[in-house]
Each structure stands twice: as C-alpha cells, then as structure tokens.
Amino acid sequence: MSAPVSPAPLAIDAITDADVEKVVALWQRCGLTRPWNDPHADIALARRRDNSTVLVGRDNGAIVATVMVGHDGHRGWVYYVAVDPDCQKRGYGRIVMAAAEDWLRSAGISKLQLLVRRENAQANAFYGSLGFELSTSVMFQKWLDGRATTPSN
C-alpha cells in the first residue's frame with residue numbers, strides 16, 4: 001500500500017483570455033464536456049458577471065486544475081471541477097475545491113451545492129471525502145431555448 005501523496009501547492013487565479021483554449025482542452029481531456037453545453041459559452045457566461053468565475057490551478061505555469069464557481073446570492077455552485085489526468089492523486093482537486101469555497105465565503109455565501117452524475121462513482125466518492133452530503137432535494141430541469149430534453153443530460 002503506497003503512502004498518500006500530500007497536496008502540492010498550486011497557484012490559483014481567475015481564468016484569463018489566454019487560458020480559455022487550454023481550459024477547454026483540459027475539460028475535454030477529463031470528459032467533462034457534453035454536446036449540448038458549449039464550454040466556450042459556459043466560460044464566457046461565468047466571466048460576464050461578478051457572481052461567477054473560473055478558477056485555474058497552475059503547477060509551474062501549466063494549467064492542471066479548474067473549477068467554475070458561482071452563486072445566485074443564496075447558494076453557491078461549482079461546475080467543471082477538473083484535474084489533468086496526468087496530475088491526479090496529488091491533492092489538486094482538494095485545492096481547487098478549497099479555493100472555490102474561499103471564493104464563495106468571500107462573497108458571503110454559506111452553502112455550496114453541486115451536481116454529479118449518478119454513475120460517476122469516482123466523483124461521488126471524492127465529494128463525499130470532502131464532507132459533501134447527498135441532498136434530499138430532487139432536481140428538475142427545463143431547456144428554455146426550446147430543445148427537447150435528452151435522456152443523458
């Protein structure tokens with residue numbers, strides 16, 4: 001049994017214009033993008049207001065982790081939590097999640113929620129290890145642009 005790897009420090013900052021293509025490539029590499037969600041549009045939307053952003057974690061200048069974080073004035077949400085597959089098991093996921101929590105706290109938000117696909121056992125275990133609990137709420141969805149809901153979204 002190998003010893004757990006202690007988290008290495010990451011430089012965390014907000015995404016810049018020069019980072020966008022690298023971030024999208026990381027999300028694609030991590031399997032986070034879906035045909036019905038344009039990652040470029042998601043990044044642009046997150047950067048448009050002061051209640052959301054995309055945080056990037058850099059290791060020696062290279063983007064190795066991300067989290068999209070935002071709030072509605074009451075609850076915080078995170079999306080696109082990604083760690084480069086070649087850099088996993090170094091604590092980077094915990095570091096970017098802590099950065100997202102700090103970002104929300106600084107905005108006066110005291111509750112963080114997130115969505116995980118049921119079949120994603122690895123992500124479910126990760127968030128459980130961070131102290132997240134299953135919600136008793138049921139999520140409903142509706143596309144406002146007229147498209148039909150697909151079974152997998």
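The values are calculated or read from the model by the stated rules, or taken from the named source; none is laboratory data. Only a predicted model underlies this, so the values are computations on that prediction, with no experimental measurement involved. Glycine gets a Cβ as well: all are built from the backbone with ideal geometry, and neighbour counts include every protein chain shown. These accessible areas exclude ligands, DNA and RNA; they are computed on the full protein's heavy atoms, side chains included. Shrake-Rupley method; radii C 1.70, N 1.55, O 1.52, S 1.80 Å.
Couple of notes before you dig in:
- Contact map, the range 120-142: residues that are free of Cβ contacts under 8 Å to residues at least 40 places away in the same chain and surrounded by 12 or more Cβ atoms within 10 Å (Cβ to Cβ) paired with residues that are assigned to a helix (DSSP H, G or I) and not hydrophobic (A, V, I, L, M, F, W, C), Cβ distance under 7 Å, separation 6+ or inter-chain. Pairs shown: F126/G93; L130/R94.
- Condition met for W27 (touching a His at 6+ places or on another chain (Cβ under 8 Å), touching a residue at least 12 places away in the same chain (Cβ under 8 Å), on the phi < 0 side of the Ramachandran plot and of a type outside the set (A, V, I, L, M)): no
- The combined condition, being touching a helix residue (DSSP H, G or I) at 6+ places or on another chain (Cβ under 6 Å), open to solvent by 30 Å² or more (accessible area, probe 1.4 Å), β-branched (V, I, T) and modelled with pLDDT of 95 or more, is fulfilled by I12.
- Condition check for G93: small (G, A, S) and either in a helix (DSSP H, G or I) or under 22 Å from G57 (Cβ atoms) (or both): yes
- When V56, V69 are screened for being free of Cβ contacts under 8 Å to residues at least 40 places away in the same chain, under 19 Å from L112 (Cα atoms) and in a strand (DSSP E or B), only V69 passes.
- Meets criteria (at pLDDT below 95 and either open to solvent by less than 60 Å² (accessible area, probe 1.4 Å) or touching a Ser or Thr at 6+ places or on another chain (Cβ under 8 Å) (or both)) for T66: no
- Of all residues making up the range 69-112, the number that are more than 17 Å from P9 (Cα to Cα), open to solvent by less than 20 Å² (accessible area, probe 1.4 Å) and either of a type in the set (K, R) or in contact with a Ser or Thr (Cβ under 7 Å, 6 or more places away or on another chain) (or both): 2
- Evaluation of N37 against (1) modelled with pLDDT under 95; (2) open to solvent by 60 Å² or more (accessible area, probe 1.4 Å) (one fails), failing number: (2)
- Test: residue in the range 123-134 that is at pLDDT 95 or above and out of contact with any strand residue (DSSP E or B) (no Cβ under 7 Å at 6 or more places or on another chain): no
- Residue in the range 115-135 that is assigned to a loop (DSSP other than H, G, I, E, B), at positive phi and not β-branched (V, I, T) present: yes
- Hits in the range 15-34 - residues which are open to solvent by 40 Å² or more (accessible area, probe 1.4 Å) and in a helix (DSSP H, G or I): D17, A18, E21, K22, A25, Q28, R29
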